[in-house]
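Peer 1: This is the structure I want to talk about, given as structure tokens.
The values are calculated or read from the model by the stated rules, or taken from the named source; none is laboratory data. Fair warning: this is a prediction, and the values are worked out from it, not measured in the lab. All Cβ positions, even for glycine, are placed from backbone atoms using ideal geometry, and neighbour counts span all protein chains on display. Ligands, DNA and RNA are excluded from the accessible area calculation, which covers all protein heavy atoms including side chains. Shrake-Rupley method; radii C 1.70, N 1.55, O 1.52, S 1.80 Å.
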Amino acid sequence: MDDFHKIRRLPPYVFEQVNRLKAAARAEGADIIDLGMGNPDLPTPQLVIDKLVETVNKPRTNRYSASRGIGGLRRAQAAYYDRRFGVRLDPETQVVATLGSKEGFANMAQAITAPGDVVLTPNPSYPIHAFGFLMAGGAIRSVPAEPGPEFFHALERAVIHSIPKPIAVVLCYPSNPTACTATLDFYKDVVAFAKKHEIFVLSDLAYAEIYFDSPPPPSVLQVPGAMDVTVEFTSMSKTFSMPGWRMGFAVGNERLIAALARVKSYLDYGAFTPIQVAAAAALNGGEEPIVEIREIYRKRRDALVDSFGRAGWEVPPPQASMFAWAKVPEPFRDLGSLGFAKLLLEKAEVAVAPGVGFGEHGDEYVRIALVENEQRIRQAARNVRRFLETAEQTLHNVVPIGARR
């Protein structure tokens, strides 16, 4: 395996190390509270399931579908963008259905990246934002995840010092993993920068509908002229609790959408037609399911922040997304995020995602996913409290788990 060029460009998947320990602990009977993977546990809305069942029972729906998405689904996504953001899209030329936003990003990278092309990606960030381009033969230059002045300073430095000049910048707000959000004014500045330097903007808006105390997250496509340089990726995984259905979208610039559609035409026949019909029903079905899902995540967020704070681990309340981004407690910081995540799993039976898995700038943090109910979150906090209360006496005997296995 190590002889293959593309495999050599991929480091070991950090999260797999925690997953192996988690599986081993469960095999031994441990009750692991899994707050690691961002895998929604809520049921898919019944109207979506009903539409799937209805469509499965119709003749010919078992045949190959359309790679770019059936017309009704693309029209439903365009209608959603019009309602939610006031953005008009042509479903024939500016919308492509993808097998989740992750697949969309990876295939967009294949479509636009030549060997050695430079792409600007946030650090820390969701792994596909960087590794999709690395697998396509590109090179990555990191920019800050926070949407502040240093972000633009990093863009300026990248344009000046990168050879060749960057071809694209990746955005992700609300952010996975940091949960930070961006304003429309920030997007206006990004679009102006991109147009000035002739680079594309690739925006991941997977968490557009999971927000709490802040205004609804905007779309970069709301910026006048953004359509000239931008493609935005969304997902139904979180909005409608449909992670295993693998349904997402890319929308925006016609040239980029055409390139993505052409690559996909060689790689897949699209999602199973009944899934696409059910996804269209979800998008056309009104706000009630979205609001209900959002409120559940809000209650879990509040339970996490309150109970973990009482346990002695301060977790900043995220304004959006289904994640909290928490600093590794001071006594454990020298272990790094992976060492701490392993220790927490072994001693407290709580799984979290090590921040280093999202980039080296995340190594002082862990990501905590809101994928357990409030009772289980409070139980996790009790486990954490016991662990922290005894750590001062036992820490001097602790060797990082990775060194003992």
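Peer 1: Mind jotting down the distance between the C-alpha centroids of the range 165-194 and the range 247-304, whole Å?
Peer 2: Rounded to whole Å, the Cα centres lie 20 Å apart.
Peer 1: Sticking with the crude label model, points 7 Å out along Cα→Cβ, report the distance from Asp185 to Glu314 in nm, one decimal please.
Peer 2: With each label point 7 Å from Cα toward Cβ, the separation is 2.7 nm.
Peer 1: Okay, next question. Multiply the residue gap between Ala139 and Gln46 by 0.36 nm, knock off their C-alpha separation, and tell me the result in nm, one decimal place.
Peer 2: 29.1 nm
Peer 1: Would you tally the net charge around Ala282, using a Cβ to Cβ cut-off of less than 12 Å, leaving Ala282 out, and scoring K and R as +1, D and E as -1?
Peer 2: So the environment of Ala282 carries a net charge of -3.
Peer 1: I need the fraction of alpha carbon pairs in the range 75-149 separated by more than 21 Å, rounded to a whole percent.
Peer 2: Above the 21 Å cut-off, the range 75-149 has 44 percent of its Cα pairs.
Peer 1: Exposed loop sites here are chymotrypsin sites (Phe, Trp or Tyr not before Pro) in DSSP loop states with at most 10 other C-beta atoms within 10 Å. What is the longest stretch of the chain lacking them?
Peer 2: Answer from the scan: 65-405.
Peer 1: Cα axis of helix 273-284 to longest principal axis of the chain: angle in degrees, 0 to 90, nearest 10?
Peer 2: 90
Peer 1: What area, in nm² and to one decimal, does the C-alpha convex hull of the chain cast on average over all directions?
Peer 2: Taking the Cα atoms of the chain, their convex hull projects to 20.7 nm² on average.
Peer 1: Estimate the FRET efficiency between Glu156 and Arg382 by the formula 1/(1 + (r/R0)^6), using the beta-carbon distance for r and 35 Å for R0, to the nearest 0.05.
Peer 2: Rounded to the nearest 0.05, the efficiency is 0.15.
Peer 1: In whole Å, what are the extents of the range 315-384 along the principal axes defined by its C-alpha atoms, from largest to smallest?
Peer 2: Answer, in whole Å and largest first: 31, 29, 18 Å.
Peer 1: Here's something else I'd like to know. Quick check: the angle from helix 101-112's long axis to the longest principal axis of the chain, C-alpha only, nearest 10 degrees?
Peer 2: So the helix axis and the longest Cα principal axis differ by about 60 degrees.
Peer 1: Now for a separate question. Which residue, Pro43, Pro11, Pro243, tops the fluctuation ranking in a GNM of the chain built on C-alpha contacts under 10 Å?
Peer 2: Highest fluctuation among the options: Pro11.
Peer 1: For the chain, what is the relative contact order in percent, using Cα pairs closer than 8 Å and at least 6 residues apart in sequence?
Peer 2: After rounding, I find 24 percent.
Peer 1: Can you pull the accessible area of Ile140 for me, 1.4 Å probe, Å² to the nearest 10?
Peer 2: Here the accessible area works out near 60 Å².
Peer 1: Okay, next question. What pairs in Lys6/Lys102; Lys238/Lys347; Lys238/Lys342; Lys6/Lys238; Lys102/Lys299; Lys238/Lys299 have C-alpha atoms more than 21 Å from each other?
Peer 2: Checking Cα-Cα distances, Lys238/Lys347; Lys238/Lys342; Lys6/Lys238; Lys102/Lys299 exceed 21 Å.
Peer 1: Between Arg88 and Glu389, what FRET efficiency follows from the Cβ-Cβ distance if R0 is 56 Å, with the result rounded to 0.05?
Peer 2: Computed FRET efficiency for Arg88 and Glu389: 0.50.
Peer 1: Moving to a separate point now. FRET efficiency for Lys327 and Arg60, Cβ-Cβ distance as r, R0 = 60 Å, nearest 0.05?
Peer 2: Step by step, r from the Cβ atoms, then E = 0.65.
Peer 1: Further question: Taking the Cα-to-Cβ direction at Glu198 and at Tyr13 and moving 7 Å from each Cα, how far apart do the two end points lie in nm?
Peer 2: So the label points at Glu198 and Tyr13 sit 3.9 nm apart.
Peer 1: Output the 0 to 90 degree angle, nearest 10, between the alpha-carbon long axis of helix 149-161 and the longest principal axis computed from the alpha carbons of the chain.
Peer 2: 70
Peer 1: Could you sort Met322, Met135 by accessible area so the largest value comes first, with the probe set to 1.4 Å?
Peer 2: Greatest to least solvent exposure: Met135, Met322.
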